[in-house]
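Working notes for the structure below.
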Amino acid sequence: MRAPIRFDNSFARLPSRFYARVPPTPVARPTLLRLNAALASTLDIEPDWLASAEGVSAIAGNELPPGAEPVAMAYSGHQFGNWAGQLGDGRAILLGETIGRDGNRYDIHLKGSGRTPFSRGGDGRAALGPVLRELVVSEAMFALGVPTTRVLSAVATGEQVARQEGPLPGAVLARVALGHLRVGTFEHFAARGDIDGLRLLADYAIARLYPEIAERSDRYVALLEVVLQRTAALVAKWQSVGFIHGVMNTDNMSISAETIDYGPCAFMDVYHPNTVFSSIDRAGRYAYANQPRIAQWNMARLAQSLLPIADTDEAVAIDRLQRAIDEFPGAFEARYDEAMRAKLGLAGSEDGDQDLVTDLLERMTAAKLDFTNTFRALAEGDVPEALGDWRDAWRARRARSGHDDASMRAVNPVYICRNHRVEAALAAALTGDLGTFDELLAVVRAPYERRPELATYAQPPTPDEVVRATFCGT
Ligand code: AMP
Ligand code: MG
């Protein structure tokens, strides 16, 4: 009989200092909450098996599926700009890897699967709310074409977890990613002066994620360049949909340039560049407008980590890595400008385009306009009054170089995963009602086509509904 998940665990074949071998800790009464059947089929896993007693037992961490080799991955990192030292998978475990139907290698990772040698003071568990939040927000991101880790399944544990708010129902999610290597994984080996480890890690990342640079003699500089370009593209996507990550620590920045670690993240309602959601980000380090700069800062931490292996001549290494880092603003701007021109339906590129975007955003800030709805209104030919004579400039620009309204509707969503909707869905889920959650999930999975019966999902929160801070709640 064919194994239900065909594992091929390349990470677990690396030397033992890359991880701790540790099985997930069983939970009391695993019950399947939600299964991502589309993703299961990408992974060539039978959804019926996942939903079976044996499958649920596997994704709850109660029984290892054949071929799994569970490891908690080692990493370190900078949190809020400060060196935090060793972190690692304190409540997550890489079950193994499998090759998808699309030919990609994917990690299958459990989160909330119990304590590991990296748990420090934590309980190794996750609460139901944040697990469901990660499912719905990551599916929204996927539907919007933003590179992201995804949730294969969410299982209730039948156990409670102790959190600041009191005891909460526990859950385990299975997260799927092109990889779980982080900037912090590189920092981990660099901080230990483990040059062999650093080289092994870099070669592993290249072979797995960027084989096109494997033969280059300067491949470690090339690794920085390619991760930096992908990260710039990722953050440009975030900006273009008003997504605020909330915890862009180096341990949450992926080498595969996927959005990872859905903690206190949110889509912005009213546009303001300084918007912050995270309750722990008092200084606004990870505010919307800061995200590109922070991504560059994180890339500089990657560069610093690669320094010992980038070139035999240190001065050459510094020079090449620095030059790569200096490319970030240009790389980001090119992707961002491209995204914003698409959002405004501007064909080609003209000198005044950046000013047109800046002017629009300033007027949106002053008038407190909703980010998503303003762009969608433009796509539907309905220019908000508050934009004043910006409208004439925009129209003149479109008249000069052509425009395409249908393509605007294909990049400006009607439905995003609004935070007040998420909060309402999670509140209902805590009472045992997943209906609201399922409806929201279905809405955000089809963001571009307006459906009259879903009008309320396109509405920004009323003043009472505004969620001012998203607690990590982890
Ligand atoms: P995060 O803020 O989720 O990126 O996590 C930062 C670090 O804290 C990582 O090393 C996590 O594994 C660890 N961590 C977060 N929550 C827990 C928990 N409940 N138990 C153990 N470790 C945790
Ligand atoms: Mg993290």
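The values are calculated or read from the model by the stated rules, or taken from the named source; none is laboratory data. These figures come from a predicted structure and were not determined experimentally. Glycine gets a Cβ as well: all are built from the backbone with ideal geometry, and neighbour counts include every protein chain shown. Surface accessibility is based on the protein's heavy atoms, side chains included, excluding ligands, DNA and RNA. Shrake-Rupley method; radii C 1.70, N 1.55, O 1.52, S 1.80 Å.
Pairs are defined by a Cβ separation below 6 Å, a sequence spacing of at least 6 or placement on different chains, a first member in region 79-91 that is touching a residue at least 60 places away in the same chain (Cβ under 8 Å), and a second member that is of a type in the set (D, E, K, R) and more than 9 Å from ligand 2 (Cβ to nearest atom); the pairs so defined are F80/R285.
Results for (1) at negative phi; (2) within 16 Å of ligand 2 (Cβ to nearest atom); (3) in contact (Cβ under 8 Å) with a residue 60 or more places away in the chain; (4) open to solvent by 10 Å² or more (accessible area, probe 1.4 Å), shown as yes or no for each residue.
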{"site": "G170", "(1), (2), (3), (4)": "yes, no, yes, no"}
{"site": "F186", "(1), (2), (3), (4)": "yes, yes, yes, no"}
{"site": "G197", "(1), (2), (3), (4)": "yes, no, yes, no"}
{"site": "A202", "(1), (2), (3), (4)": "yes, no, yes, no"}
{"site": "R216", "(1), (2), (3), (4)": "yes, no, no, yes"}
{"site": "Q229", "(1), (2), (3), (4)": "yes, no, yes, yes"}
{"site": "V235", "(1), (2), (3), (4)": "yes, no, yes, no"}
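Taken together, the criteria place T259 among residues that are within 16 Å of ligand 2 (Cβ to nearest atom) and either surrounded by 20 or more Cβ atoms within 10 Å (Cβ to Cβ) or without any contact (Cβ under 8 Å) to a residue 40 or more places away in the chain (or both).
When V151 is tested against (1) surrounded by fewer than 24 Cβ atoms within 10 Å (Cβ to Cβ); (2) in contact (Cβ under 8 Å) with a residue 12 or more places away in the chain, just one condition goes unmet, and that condition is (1). Checking every residue in region 107-121 against the condition of being near ligand 1 (Cβ under 10 Å from one of its atoms), over 23 Å from Y286 (Cβ atoms), in contact (Cβ under 8 Å) with a residue 40 or more places away in the chain and β-branched (V, I, T) gives at least one match.
When region 58-82 is examined, which residues are found to be within 16 Å of ligand 2 (Cβ to nearest atom), buried (at least 20 other Cβ atoms within 10 Å of the Cβ) and assigned to a loop (DSSP other than H, G, I, E, B)? A74, Y75, listed by residue number.
Any residue at all in region 443-455 that is in a helix (DSSP H, G or I) and closer than 22 Å to L128 by Cα? Explain how you work it out, then say what you get.
Initially, region 443-455 is screened for residues in a helix (DSSP H, G or I), giving 443-444, 452-455.
So of that shortlist, the ones also closer than 22 Å to L128 by Cα come out as 443-444.
The answer is yes; a qualifying residue exists.
Can you pull out every residue in region 453-467 that is open to solvent by 50 Å² or more (accessible area, probe 1.4 Å) and closer than 16 Å to A427 by Cα? Within region 453-467, D464, E465, V466 meet the criteria. For region 113-129, the set of residues classified as touching a strand residue (DSSP E or B) at 6+ places or on another chain (Cβ under 8 Å), of a type outside the set (S, T, N, Q) and either within 16 Å of ligand 2 (Cβ to nearest atom) or modelled with pLDDT under 95 (or both) consists of F118, D123, R125, A126, A127, listed by residue number.
The number of residues in region 43-57 being surrounded by fewer than 17 Cβ atoms within 10 Å (Cβ to Cβ) and in contact (Cβ under 8 Å) with a residue 24 or more places away in the chain comes to 4. Scanning region 83-107 for residues that are surrounded by fewer than 21 Cβ atoms within 10 Å (Cβ to Cβ), part of a strand (DSSP E or B) and among the polar types (S, T, N, Q) turns up just one, Q86. Contact annotation: residue pairs with Cβ atoms under 8 Å, 6 or more positions apart or on different chains, pairing a residue in region 316-340 that is under 25 Å from S407 (Cα atoms) with a partner that is open to solvent by 60 Å² or more (accessible area, probe 1.4 Å), are A331/Q229; R335/K237; D337/S349; D337/Q354; A339/K237. From the list T365, T374, the one residue that fits, being within 30 Å of T456 (Cβ to Cβ), surrounded by 17 or more Cβ atoms within 10 Å (Cβ to Cβ) and polar (S, T, N, Q), is T374. Among the criteria (1) surrounded by fewer than 21 Cβ atoms within 10 Å (Cβ to Cβ); (2) farther than 26 Å from W83 by Cβ; (3) among the hydrophobic types (A, V, I, L, M, F, W, C), the one L360 does not fulfil is (1). If you go through region 326-357 and pick out every residue that is more than 21 Å from N412 (Cβ to Cβ) and buried (at least 19 other Cβ atoms within 10 Å of the Cβ), you end up with 2. Reported count of residues in region 405-435, each being under 13 Å from L378 (Cβ atoms), open to solvent by 10 Å² or more (accessible area, probe 1.4 Å) and part of a loop (DSSP other than H, G, I, E, B), is 1. When every residue of region 99-112 is checked against the conditions, at least one turns out to be more than 20 Å from F437 (Cα to Cα), aliphatic (A, V, I, L, M) and either over 20 Å from the mean Cα position of the chain (by Cα) or within 13 Å of ligand 2 (Cβ to nearest atom) (or both).
Hey, among the residues in region 136-148 that are open to solvent by 10 Å² or more (accessible area, probe 1.4 Å) and in contact with a strand residue (DSSP E or B) (Cβ under 7 Å, 6 or more places away or on another chain), which one's farthest from ligand 2 (Cβ to nearest atom)? Break it down stepwise before answering.
From region 136-148, those open to solvent by 10 Å² or more (accessible area, probe 1.4 Å) are 142-145, 147-148; that's our starting set.
Cutting the leftovers down to in contact with a strand residue (DSSP E or B) (Cβ under 7 Å, 6 or more places away or on another chain) gives us 142, 147-148.
Working: F142: 19, P147: 17, T148: 14 Å.
My answer is F142.
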